[in-house]
1. Would you check which residues across region 95-107 are among the hydrophobic types (A, V, I, L, M, F, W, C) and touching a helix residue (DSSP H, G or I) at 6+ places or on another chain (Cβ under 6 Å) and list them?
2. Give me the pairs, please: first residue somewhere in region 66-84 and without any contact (Cβ under 8 Å) to a residue 40 or more places away in the chain, second residue anywhere and open to solvent by 90 Å² or more (accessible area, probe 1.4 Å), beta-carbon distance under 6 Å, and either six or more positions apart or on two chains.
3. Tell me, which residue of region 3-29 that is hydrophobic (A, V, I, L, M, F, W, C) and assigned to a helix (DSSP H, G or I) is farthest from W166 (Cα to Cα)?
4. Could you tell me whether G98 is closer than 19 Å to P46 by Cα, in a strand (DSSP E or B) and in contact (Cβ under 8 Å) with a residue 12 or more places away in the chain?
5. Can you tell me which residue within region 109-121, out of those that are touching a residue at least 40 places away in the same chain (Cβ under 8 Å) and in contact with a helix residue (DSSP H, G or I) (Cβ under 6 Å, 6 or more places away or on another chain), is nearest to P40 (Cα to Cα)?
6. Consider V70 carefully, then state whether it is assigned to a loop (DSSP other than H, G, I, E, B) and under 19 Å from G167 (Cα atoms).
7. Residues in region 109-117: is at least one assigned to a helix (DSSP H, G or I), open to solvent by less than 20 Å² (accessible area, probe 1.4 Å) and of a type in the set (S, T, N, Q)?
8. Can you work out which of the residues in region 118-137 that are outside any loop (DSSP other than H, G, I, E, B) and either under 10 Å from the mean Cα position of the chain (by Cα) or not aliphatic (A, V, I, L, M) (or both) is surrounded by the most Cβ atoms within 10 Å (Cβ to Cβ)?
Amino acid sequence: DVPDDLSPGAALLWVFHGYTGSAASMRESAGFHQLDTQQPFVVVYPQGTPDSRGNAFFNVGYEFHRDQRVDDLAFVRQLTDQLVTDLKLDRKAVFATGMSNGGDMSYLLGSQQDPLVTAIAPIAGTMMQSTAQGFVPAGRISVLAAHGTQDRVTRWDGDPDNRDGWGPYPGVETGLRLWTAGLALEKKTVKN
């Protein structure tokens, strides 16, 4: 979504759908397209690649995607570079959010040694153990993580033994401790 009155220096927001989801349904449910007239910014809703099961996904390192060669990090980096150049966007105002697999993708983008995002807001997402292992944030990235303790897909306490088949991942609080310790921040947890 590119507003008609887009000014140079506007922000770019990536919004990633969940596993088996679609860009169209994420656009509809996220509601950012309703905000861009009040606060002009560009929103990108990428469509995940079909995996060997025919389900749309973003390649964040799930166990059953080991055979997939999709490089979503390169895709996001290349399209970000193109959009920043073509639309004269602010390179330091690139943000990412997403639900479930899309939240995982947000974490993956923020965890790179040369992150192209300034802030992430993963929803019901996690960092896979392969990403979390030895992770130290490369720079000052804001993180707003929303996750429910009763989530049965991306479990609050994680799945370090890979019982569910996604691949091992730490619990939500363990993952957030990696960010807060690495960025020398104070963690605030609100439970409802």
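The values are calculated or read from the model by the stated rules, or taken from the named source; none is laboratory data. Small disclaimer: the values here were computed from a predicted structure and weren't measured. All Cβ positions, even for glycine, are placed from backbone atoms using ideal geometry, and neighbour counts span all protein chains on display. Surface areas here come from the heavy atoms of the whole protein model, side chains and all, with no ligands, DNA or RNA. Shrake-Rupley method; radii C 1.70, N 1.55, O 1.52, S 1.80 Å.
1. A96
2. Once the first residue is without any contact (Cβ under 8 Å) to a residue 40 or more places away in the chain and sits in region 66-84, no partner that is open to solvent by 90 Å² or more (accessible area, probe 1.4 Å) comes close enough.
3. The qualifying residue farthest from W166 (Cα to Cα) is A24.
4. Details: closer than 19 Å to P46 by Cα: yes; in a strand (DSSP E or B): yes; in contact (Cβ under 8 Å) with a residue 12 or more places away in the chain: yes.
Criteria met by G98.
5. V117
6. Details: assigned to a loop (DSSP other than H, G, I, E, B): yes; under 19 Å from G167 (Cα atoms): yes.
So V70 passes the test.
7. Start the filter on region 109-117 by keeping residues that are assigned to a helix (DSSP H, G or I), which leaves 109-110.
Still in the running and open to solvent by less than 20 Å² (accessible area, probe 1.4 Å): 109-110.
Applying the additional criterion that residues be of a type in the set (S, T, N, Q) yields none.
There is no residue in region 109-117 that is assigned to a helix (DSSP H, G or I), open to solvent by less than 20 Å² (accessible area, probe 1.4 Å) and of a type in the set (S, T, N, Q).
8. That would be P122.
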